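Report on the structure given below.
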Amino acid sequence: FCFQADTLGMKKVNLKRGFMDFSLFKKVVDELSEFPEKIKKVKIGNHGEPTMHPDLPEMVKYIVSRDVAEIVELFTNGSKLDPKLNSELIDAGLQRINVSLEGLTDERYLQVAGVRQSFSNIVDGVRNLYKNKTEKNSDLVIYVKIADQTHPLGGVDTEPYILSENEKKLFYETFENI
């Protein structure tokens, strides 16, 4: 279940959509330097898809350059990972990326997240990221995960989708070398 697709739920808790202004982002990061020690981790992404932000690579680079956190980590659905963005994120010094899958087919993505995604494009993006990190000898750690049980978004189905043994096998075969 992708809670970002639950627009009614987001309204109930007053979550707003939009991009953080880069100057505000820099201010927040600069204020982190006032702590006596580095913080453990900066997580980018939680309430939205960070790879849609046009300044994402510059934001990662800025956090890394300020040396305010032990780890800089990104959470994404993987839909926007392409060779250009992948290269920029690696060059910026990203240390961890978590790719959260909502399904192993285009249809399941639509049912669970309420948006059309090309699963094959996501796989291609993750594979390119791995290839790029390897070629650049980057320390980037890539995690790919899928929920073993999800629910359809706002649909009539009340039964959860539970990964079958064949789907688990497909997941592992698709991402085992990444």
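Consider segment 70-89. How many of its residues are surrounded by 19 or more Cβ atoms within 10 Å (Cβ to Cβ) and within 23 Å of Lys27 (Cα to Cα)? Steps first, please.
Step one: of segment 70-89, the residues surrounded by 19 or more Cβ atoms within 10 Å (Cβ to Cβ) are 72, 74, 76-79, 81, 86, 89.
Pick out the ones that are also within 23 Å of Lys27 (Cα to Cα) and you get 72, 74, 89.
Residues flagged as surrounded by 19 or more Cβ atoms within 10 Å (Cβ to Cβ) and within 23 Å of Lys27 (Cα to Cα) within segment 70-89 amount to 3.
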Filtering segment 127-169 down to residues that are closer than 22 Å to Ile71 by Cα, over 18 Å from the mean Cα position of the chain (by Cα) and hydroxyl-bearing (Ser, Thr, Tyr) yields Thr134, Ser138
In segment 99-110, what residues are within 25 Å of Val60 (Cα to Cα) and surrounded by fewer than 17 Cβ atoms within 10 Å (Cβ to Cβ)? Ser100
Look at Arg66 and say whether it is open to solvent by 20 Å² or more (accessible area, probe 1.4 Å), at pLDDT 95 or above, touching a strand residue (DSSP E or B) at 6+ places or on another chain (Cβ under 6 Å) and closer than 23 Å to Phe19 by Cα. no
Single residue of segment 120-134 satisfying the filter (buried (at least 16 other Cβ atoms within 10 Å of the Cβ), out of contact with any Gly (no Cβ under 7 Å at 6 or more places or on another chain) and not basic (Lys, Arg)) that is nearest to Ser79 (Cα to Cα): Val123
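Test Asn86 against the criterion of being closer than 19 Å to Lys61 by Cα, at pLDDT 95 or above and out of contact with any Cys (no Cβ under 6 Å at 6 or more places or on another chain), and give yes or no. Reasoning before the result, please.
Working: closer than 19 Å to Lys61 by Cα: yes; at pLDDT 95 or above: yes; out of contact with any Cys (no Cβ under 6 Å at 6 or more places or on another chain): yes.
Against the criterion (closer than 19 Å to Lys61 by Cα, at pLDDT 95 or above and out of contact with any Cys (no Cβ under 6 Å at 6 or more places or on another chain)), Asn86 qualifies.
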Checking Leu32 against (1) under 20 Å from Ile90 (Cβ atoms); (2) surrounded by 15 or more Cβ atoms within 10 Å (Cβ to Cβ); (3) aliphatic (A, V, I, L, M), which test does it fail? (1)
If I filter segment 24-48 down to residues being in a helix (DSSP H, G or I) and in contact with a Phe, Trp or Tyr (Cβ under 8 Å, 6 or more places away or on another chain), which single residue comes out as nearest to Asn14 (Cα to Cα)? Phe25
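The values are calculated or read from the model by the stated rules, or taken from the named source; none is laboratory data. Just so it is clear, the structure is predicted and the values come from calculations on it, not from any experiment. Here the Cβ is made from the backbone with ideal geometry for all residues, glycine too, and neighbour counts use every protein chain on show. Heads up: the accessible areas ignore ligands, DNA and RNA and are worked out on the full protein's heavy atoms, side chains in. Shrake-Rupley method; radii C 1.70, N 1.55, O 1.52, S 1.80 Å.
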